[in-house]
1. Where the second residue is part of a helix (DSSP H, G or I) and the first is of a type in the set (S, T, N, Q) and lies in the stretch 79-94, which pairs have Cβ atoms under 8 Å and are six or more apart or on separate chains?
2. Search the stretch 25-52 for residues being modelled with pLDDT under 95 and among the aliphatic types (A, V, I, L, M), and hand back the single one that is nearest to Lys76 (Cα to Cα).
3. Please go through the stretch 19-39 and pick out each residue that is in contact (Cβ under 8 Å) with a residue 12 or more places away in the chain and charged (D, E, K, R).
4. If you check every pair at least six apart or on different chains, which have Cβ atoms under 7 Å apart with a residue in the stretch 105-123 that is under 18 Å from Gly70 (Cα atoms) and touching a residue at least 24 places away in the same chain (Cβ under 8 Å) first and a residue that is in a loop (DSSP other than H, G, I, E, B) and among the aliphatic types (A, V, I, L, M) second?
5. Test Gln77 against the stated conditions and say whether it is polar (S, T, N, Q) and more than 17 Å from Thr103 (Cα to Cα).
6. Among the residues in the stretch 92-103, are any out of contact with any Leu (no Cβ under 6 Å at 6 or more places or on another chain) and within 13 Å of Leu3 (Cα to Cα)?
7. State yes or no: is Ile43 in contact (Cβ under 8 Å) with a residue 60 or more places away in the chain and closer than 18 Å to Ile102 by Cα?
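The values are calculated or read from the model by the stated rules, or taken from the named source; none is laboratory data. These numbers were taken from a predicted model, which means no experiment stands behind them. Here the Cβ positions follow ideal geometry from the backbone for every residue, glycine too, while neighbour counts run over all protein chains shown.
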Amino acid sequence: MPLVTISVPDHRPALWRKQVADIVNAAVIETLDFPPDDRYQLIQTLPAEQIELQDRNRDAIVLQLTMRAGRPSHAKQAFYQRIVDDLASQADLDPANVMIVITENADADWSFGHGEAQFLVAQQSVN
C-alpha cells in the first residue's frame, strides 16, 4: 500500500484527473502486487507554471510513491512502463511528460491513526 501523490496541471478537468488516478491505482495493484483495497492517493492540482520539469510541456505530471521497502527492481520497472503506456493510450499523455519517484521506508515509518505504528504492532503480536 503505497501512499501515492499525483501532481497534475490544474487546466485538466476533474474527470481526467480521476482517470489518471484510476490508471495509477491499477498499475500499483498489477505490477507492484498490492491488494486491490489498498488505495491511498493524494491528487493535487497545480498551475502548469508551478510544475517545472526541465523541458517538459505544460501537461507534465509527477507521481510520488512512498512505500515499504522490498519490491524488486523488475517490478518497479514494470510499473514505470505500465504507467506511461496506459497514460498515453487512455489519458492522452506523452510518456516524456511523466516523472515517477519511488521512496521506500520501513515499518516504523507508518501510522494509520491512533498514534500507533500498525506494522510494528502486527509484528510484535506475531512474535
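1. So the pair list comes out as Gln90/Gln19; Gln90/Ile23.
2. Among those residues, the one meeting the criterion is Ile51.
3. Glu30, Asp33, Asp38, Arg39, listed by residue number.
4. Listed pairs, sorted by first residue: Asn105/Ala69; Ala106/Ala69; Asp107/Ala117; Trp110/Ala117.
5. No; evaluated as a whole, the condition is false for this residue.
6. Within the stretch 92-103, one or more residues are out of contact with any Leu (no Cβ under 6 Å at 6 or more places or on another chain) and within 13 Å of Leu3 (Cα to Cα).
7. The answer is no for Ile43.
Conditions tested, residue by residue: (1) loosely packed, with under 11 Cβ neighbours inside 10 Å; (2) not basic (Lys, Arg).
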| residue | (1), (2) |
| --- | --- |
| Val4 | no, yes |
| Leu15 | yes, yes |
| Lys18 | no, no |
| Ala21 | no, yes |
| Leu32 | no, yes |
| Asp38 | no, yes |
| Pro47 | yes, yes |
